[in-house]
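What follows draws every value from the coordinates through simple rules; no lab data is involved. These numbers come from a predicted model, not from an experiment. Cβ sites come from the backbone with ideal geometry, for glycine too, and all protein chains shown count toward neighbours.
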Amino acid sequence: MSFRYELYHYIVKHVLGSNCPIANDMTLNRVLDVGTGTGLWALDMAREFPASKIYGCDVAPVIDNSQTRPNIYWGNADLLRGLPYSDNSFDLVHQRQLCVYIGERQWPLVARELYRLCRPGGKLCLIELLPTVTVASDIVSWHDCELSGRVAAVRCINDLIQQTLHKSGVRPEAVACLGDLLSITGFANVRHDTVELPRGDWAGQLGRCMLSYTHKLLIATVPAVAASTDTPRQEYEDMIEHAMPVLALGRASHRLHVFTAEKPLQ
Ligand SMILES: C[S@@+](CC[C@H](N)C(=O)[O-])C[C@H]1O[C@@H](n2cnc3c(N)ncnc32)[C@H](O)[C@@H]1O
């Protein structure tokens with residue numbers, strides 16, 4: 001798990017040019033990373049901003065406690081039950097890659113909790129990559145029998161992932177509407193930017209890292225898909241291996257969603 005998280009962390013940092021596109025314009029006394037996972041982002045921020053207090057919080061005991069820094073504060077709590085921090089206590093609240101954990105109906109509660117935690121004038125940064133994969137649009141017109149079998153495998157994988165998530169009320173595609181939700185919650189200056197993460201040899205080292213990340217991401221879906229659909233584990237794993245070559249073709253990419261917003265002073 002940790003290498004997948006590590007790859008994702010460095011890919012996102014590379015394409016955004018920093019850990020957080022808005023952090024450099026602000027005074028950062030206290031920063032919160034919600035759903036910190038292995039804590040890589042928090043650790044990186046703690047290194048970059050040694051005078052700031054960086055809080056990393058996760059519901060699961062996944063934080064790599066062997067690595068820490070004097071200005072890091074790890075916490076273990078559930079965002080959906082409210083995090084154990086005071087109102088208005090963070091200059092920056094960052095949350096990355098929780099879209100497969102938050103049910104469609106839970107997003108308003110999450111937005112309110114993130115709002116509560118931000119200080120007036122403080123900022124929010126939400127980053128999400130959808131778990132489904134698409135083939136490059138420039139290969140869809142190639143009429144090749146072997147290829148169309150592999151494209152069909154990609155569609156089937158996406159269907160199975162979506163079925164699995166929908167069963168637990170999770171609709172990652174709802175991420176596209178988060179900007180509106182943040183505005184309704186009270187955030188100002190809401191921005192929704194999308195950044196393409198290129199996948200495959202055409203994009204050099206970055207594209208190869210993204211291809212490797214995609215494979216790891218799909219493999220990580222195996223237990224949940226096998227448990228919640230009628231698909232036998234081995235069959236789904238074979239489907240992933242069958243699909244991989246087509247995911248490497250053409251000018252493929254994944255779309256990263258980046259939301260930034262500010263809590264008004266009044
Ligand atoms: C895909 S990982 C992303 C980790 C990290 N943010 C990153 O970008 O590398 C999602 C993390 O969110 C955590 N998580 C899921 N639901 C949560 C909740 N309700 N409260 C706090 N953390 C949660 C999971 O335990 C997991 O570590």
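Key figures
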{"item": "Principal-axis tilt of helix 145-167 within the chain, Cα atoms, nearest 10 degrees", "result": "40"}
{"item": "Segment 1-56: proportion of alpha-carbon pairs further apart than 19 angstrom, %", "result": "24"}
{"item": "Degrees between helix 2-16 axis and first principal axis of the chain (Cα, 0 to 90, nearest 10)", "result": "80"}
{"item": "Tensor-based shape of segment 139-266 (alpha-carbon gyration tensor, a/c under 1.5 rounded, otherwise prolate or oblate)", "result": "oblate"}
{"item": "Charge dipole (the chain, unit charges on Cβ, about Cα centre) - positive-most of 211, 74, 177", "result": "74"}
{"item": "Set of lysines near residue 123 by C-alpha distance (under 18 Å), chain-local residues within fewer than 8 positions excluded", "result": "53, 263"}
{"item": "Convex hull volume of segment 2-262 per residue (C-alpha atoms, cubic angstrom)", "result": "127"}
{"item": "Cα lying deepest toward the dipole's positive end in the chain, options 98, 245, 36, charges on Cβ", "result": "36"}
{"item": "Beta bridges per DSSP with both ends in the chain, % antiparallel, nearest 5", "result": "45"}
{"item": "Cα-based Rg / Dmax (Å) for segment 73-227", "result": "18.5, 59"}
{"item": "Estimated dipole of segment 2-262 in Debye, rounded to 20 [Cβ of Lys and Arg +1, of Asp and Glu -1, Cα centre]", "result": "600"}
{"item": "Debye log10 I(q)/I(0) for segment 126-187, one point scatterer per Cα, at q = 0.12, 0.20, 0.25 Å⁻¹", "result": "-0.46, -0.87, -1.04"}
